[in-house]
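Below: the structure, in structure tokens.
Each reported figure results from applying straightforward, stated rules to the coordinates on display, with no laboratory input. As the structure is a computational prediction, the values presented were derived from the model and not from experiment. Cβ placement follows ideal geometry from the backbone for every residue including glycine, while neighbour counts extend to all protein chains displayed.
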Amino acid sequence: MKKPPRRSTEDHPLVRVVLSIVAIGFIGLFLVLPLTMVFSQALSRGLGVTLAAIEEPDALAAVRLTLLAAAIAVPLNALFGISASWAITKFDFRGKGFLTTLIDLPFSVSPVVSGLIYVLIFGLQGWLGPTLREWDIKVIFALPGIVLATMFVTFPFIARELIPLMTDQGREEEEAAASLGASGLRTFLRITLPNIKWGLLYGVLLCNARAMGEFGAVSVVSGHIRGLTNTMPLHVEVLYNDYQFVGAFAVASLLALLAIVTLTLKSFLEWHFAEEIAAAHHH
Amino acid sequence: MTAAIASLAAHWRNPSALPGFALSFGFTLFYLSAIVLIPLTALVIRPWSLGFAGFWQILADHRVLAALRLSFGGAAIAAGINAVFGLIVAWVLVRYRFPGKRLLDALVDLPFALPTAVAGIALSTLYAPHGWLGEPLSELGLKVSYTPLGVVVALTFIGLPFVVRTLQPVLSDLTQDAEEAAATLGATRLQTVVRVVLPTLTPSLVTGATLAFARAVGEYGSVIFIAGNLPTVSEIAPLLIIIKLEQYDYAGASAIGVIMLTASFVLILALNLLQYWTGSRR
Amino acid sequence: MSLVVESIAKRFERFPALNGVSFNAPRDTFVALLGPSGSGKTTLLRILGGLEFPDEGSVRFADLDWLSLPARERRAGFVFQNYALFRHMTVAQNVAFGLSVRPRRQRPSRNAIARRVEELLTLVQLEGLGKRYPSQLSGGQCQRVALARALAIEPRILLLDEPFGALDAKVRKELRVWLRALHERLGLTTIFVTHDQEEAFALADLVVIMNKGKIEQCGTPEEVRNAPKTKFVAEFLSSAAP
């Protein structure tokens with residue numbers, strides 16, 4: 001028998017081929033090519049030169065600072081995310097929608113503006129500038145400013161992951177636990193946390209990737225002091241502007257590896273725990 | 001007195017069997033205020049130290065206007081490009097089966113995961129006069145690096161996932177009944193796509209493109225390397241904020257910041273209205 | 001224009017959906033495809049509508065090799081179980097769709113389409129609701145819009161998939177009487193799928209009872225009721241007897 005005709009919901013084979021080529025071509029041109037560029041430039045003088053550039057003291061200091069800033073910002077945002085989603089999903093109160101909108105706010109603020117707001121408060125001519133100077137506390141051009149800016153730009157990630165997830169899961173399990181006499185903390189640790197662990201991990205993953213990679217906001221508050229207040233992305237900028245391309249791309253390739261690991265883990269979580277992470281990601 | 005507060009609180013929230021409201025709500029509000037709300041207020045207040053005339057004068061500056069035009073115009077063009085190609089990518093990812101589809105799907109999120117500075121130097125090197133793409137393009141007479149075109153390229157890079165990820169769930173939830181109905185009524189495949197499928201997707205397409213636009217307007221890291229930052233030509237608004245800050249012109253920097261913040265608010269409001277509007281018709 | 005269905009077979013990935021199905025329906029009959037879920041009745045209807053393609057068998061209708069025509073050239077008015085109305089179009093736009101997608105030379109003028117839509121809305125008793133959106137209608141009203149939309153293309157045959165499935169009992173009965181009357185008036189070969197035997201017997205001239213991809217019995221309601229041919233038919237009929 002001859003091949004069955006095309007179903008009425010299917011595109012013409014030629015259309016399929018053309019659209020597939022356009023999609024793959026666009027992603028190849030705009031996404032894959034830049035990524036390949038990073039590694040090819042980093043390794044252009046051989047692996048030895050690349051490694052030497054990474055082991056250089058200023059580069060190592062940048063790695064340390066990036067890890068430190070993320071290690072402070074991510075747990076704090078996780079704590080906030082859990083607390084906000086507990087308040088929002090387990091209780092009914094007025095203004096809930098407004099609160100949720102406020103939590104999403106930092107996503108729509110330019111990174112540069114995110115840095116600027118802290119300069120306006122803690123900078124030399126900022127609200128608290130004179131006071132801080134009197135007490136000899138440095139926020140801007142120092143670690144606290146970098147951490148604050150990082151916290152701001154990654155602020156919504158975990159809350160936004162947990163709120164839809166915990167809304168889907170409802171309150172019955174917690175109410176049952178409470179009726180059986182479990183304390184609040186015990187209910188959270190034994191009932192809620194196991195239910196949200198993959199979603200939480202998913203949020204932490206995205207939050208961490210952004211925290212380590214943030215550039216604009218941190219750039220405003222850091223002051224670009226080599227070996228002291230340069231995070232990895234800032235160090236990349238400094239090296240690049242100094243025409244030290246191999247060094248810049250060597251440090252950049254570390255960040256690109258971080259991105260690849262993040263994407264791999266993220267896809268893994270999406271494929272294996274689709275039900276346990278927020279409904280927004282099902283596709 | 002305590003009774004009055006208690007009754008007020010009872011009106012404000014429903015009673016619940018679960019503990020921890022005061023603690024979690026209190027911490028949420030505290031953290032939100034400390035990290036987000038109070039600093040943003042500082043921004044909104046700052047430029048008015050110059051009075052309205054001073055504020056206006058900053059924005060009326062030739063260089064500031066050019067930067068704002070480039071940031072908003074470039075973002076709009078990039079959002080348009082992403083609307084077209086994002087739709088195609090989402091369609092191919094949802095409707096077709098082919099080897100490597102999962103990899104392609106995972107790659108779409110690259111701009112979310114790749115630090116913007118890394119994207120910036122990669123794009124800049126790629127499109128430089130002797131770069132992999134810059135060389136063949138310049139032979140065609142097309143200069144990308146250090147031009148507004150370069151800004152558009154970078155903004156397209158960072159905006160793509162917004163369109164694709166907004167469309168994908170909608171496309172996969174779309175039942176094929178409507179397409180089958182159109183076919184039985186005599187519509188060609190093209191007529192079905194144009195008159196039945198695309199109109200159903202329009203709200204999500206607009207939402208995705210608006211999100212891409214909002215992100216692109218404020219984008220900094222991926223743009224500054226490829227843009228070359230020539231004042232009034234390829235200098236974006238966020239960069240001008242930094243330049244003004246470096247000159248200790250806090251009010252000037254805040255004035256530009258306030259304009260960008262206002263634009264974000266308007267976009268959020270527009271999206272909520274769009275959602276409300278499409279929601280009420282469904 | 002009689003319908004001749006011959007040895008239709010269709011396999012999905014693993015299980016056979018239809019296993020050599022044949023029946024004849026004389027012109028202008030009202031046919032019920034009756035059977036439990038999974039019996040293959042909807043698959044058969046979708047094959048007749050051009051939405052599925054059989055692995056084997058043939059269908060002749062109106063002196064045409066019916067299966068060689070793509071769905072859009074069959075002019076089969078198909079009414080979907082969940083109506084499949086276009087949600088972004090008004091009721092009038094939904095009904096007009098089939099006429100407005102015709103090639104320019106065969107397309108009626110704008111005014112002619114509008115007049116036709118009015119006629120059809122009157123026919124299905126929805127006068128004045130043309131400007132509403134489907135979301136603003138009740139289930140019964142949506143059902144009638146779907147029917148008007150299918151009738152607009154001057155169908156050669158009407159195919160209805162569980163037409164009353166999503167409606168409550170009272171609306172079901174009303175619509176049933178109305179549909180039968182409409183059939184008398186239009187004189188159009190109509191095939192509908194149902195799992196409700198009461199509905200099949202009340203409406204149809206010819207009842208085709210299906211089970212596991214095969215036809216168990218095919219006959220008038222009286223024939224089937226008085227002389228069940230197989231054990232399955234007898235049990236199926238007694239299972240829901242009053």
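Remarks
- Whole-Å distance, taken between Cα centres, linking the range A:35-109 and the range A:184-234: 4 Å
- Dipole-positive endmost among A:248, A:195, A:227 within the range A:184-250 (Cβ charges, Cα centre): A:195
- Cα gyration tensor, chain B - rounded (a/c under 1.5), prolate or oblate: oblate
- Inter-chain Cβ neighbour average for residues B:216-223, partner chain, 10 Å: 5
- Spatially proximal aspartates and glutamates relative to residue C:173 (Cα-Cα < 15 Å; intrachain offsets below 8 disregarded): C:162, C:196, C:198, C:199
- Rel. contact order, % - alpha carbon contacts under 8 angstrom, at least six apart, the range C:134-242: 19 percent
- Top of B:143, B:244, B:101 by mean-square fluctuation, Gaussian network on chain B, Cα under 10 Å: B:101
- Nearby aspartates and glutamates by direct alpha-carbon distance to residue A:266 (threshold 17 angstrom, same-chain neighbours under 8 apart not counted): A:161, A:275, A:276, B:105, B:109
- The label point for residue A:10 and the one for residue A:44, both projected 7 Å from the Cα toward the Cβ, are 4.7 nm apart.
- Chain A - percent relative contact order, Cα under 8 Å, separation 6 or more: 29 percent
- Comparing B:95, B:215, B:63 in a Gaussian network model of chain B where C-alpha atoms under 10 Å apart are linked, the largest mean-square fluctuation is found at B:95.
- As a proxy for reagent exposure, A:98, B:157, C:201 were ordered by neighbouring Cβ count within 10 angstrom, fewest first; the result is A:98, C:201, B:157.
- Remark: mean inter-chain Cβ contacts per residue of B:260-267 equal 3, using a 10 Å Cβ-Cβ cutoff to other protein chain atoms.
- Binned Cα-Cα distance frequencies in the range A:79-212 - 5 Å width, integer %: 2, 9, 16, 16, 14, 13, 11, 8, 6, 3, 1, 0
- Added length on full extension, which subtracts the Cα-Cα distance from 0.36 nm per residue, residue A:175 to residue A:67: 35.0 nm
- Comparing A:148, A:68, A:132 in a Gaussian network model of chain A where C-alpha atoms under 10 Å apart are linked, the largest mean-square fluctuation is found at A:132.
- Cα centroid separation - the range C:57-135 against the range B:159-205, whole Å: 19 Å
- With R₀ fixed at 60 Å, the C-beta to C-beta distance from residue B:233 to residue C:181 puts the FRET efficiency at about 0.20.
- Amide H contacts of residue A:214 (H built 1.01 Å from N, under 5 Å, at least 5 apart or other chain): none
- In this simple spin-label model, placing a label point 7 Å from the Cα along the Cα-to-Cβ direction at both residue C:196 and residue C:11 gives a separation of 3.6 nm.
- Cβ-to-Cβ counts within 10 Å put C:195, C:183 in ascending order as C:195, C:183, the fewest first.
- Unsatisfied cross-links (Cα-Cα over 29 Å) in the set A:90/B:101; B:101/C:214; A:96/C:131; C:41/C:170; C:131/C:170: A:90/B:101; B:101/C:214; A:96/C:131
- Average partner coverage of A:16-25, which counts Cβ from other chains inside 10 Å: 5
- Length released on extending from residue A:197 to residue A:243, taking residue separation times 0.36 nm less the Cα-Cα span: 12.1 nm
- Cα-based shape type of the protein assembly as shown, given that a ≥ b ≥ c are square roots of the gyration tensor eigenvalues and the cut on a/c is 1.5: prolate
- Shape call, the range A:161-283: gyration tensor on alpha carbons, a/c limit 1.5: prolate
- In the protein assembly as shown, the DSSP beta bridges split such that about 55 percent are antiparallel, to the nearest 5.
- Cα-based reach from residue C:10 at 16 Å (exclusive), listing aspartates and glutamates while leaving out same-chain residues under 8 positions away: C:52, C:55, C:56
- Long hydrophobic helices in chain A: the complete DSSP H runs spanning 20 Å or more by Cα along their own axis with mean Kyte-Doolittle hydropathy of at least 0.5 are A:13-27, A:57-90, A:193-213, A:245-272.
- Simple spin-label estimate for residue C:205 and residue C:222 in nanometres, 7 Å along Cα-Cβ: 1.5 nm
- Cβ-based exposure ranking for C:205, C:63, in which fewest neighbours within 10 Å come first: C:63, C:205
- Contact order relative to length of the range C:31-151, as percent, for alpha carbon pairs under 8 angstrom and 6 or more apart: 26 percent
- Cut-off 12 Å (backbone N to label point 7 Å along Cα→Cβ of residue B:272), residues of the range A:104-146: A:104-105
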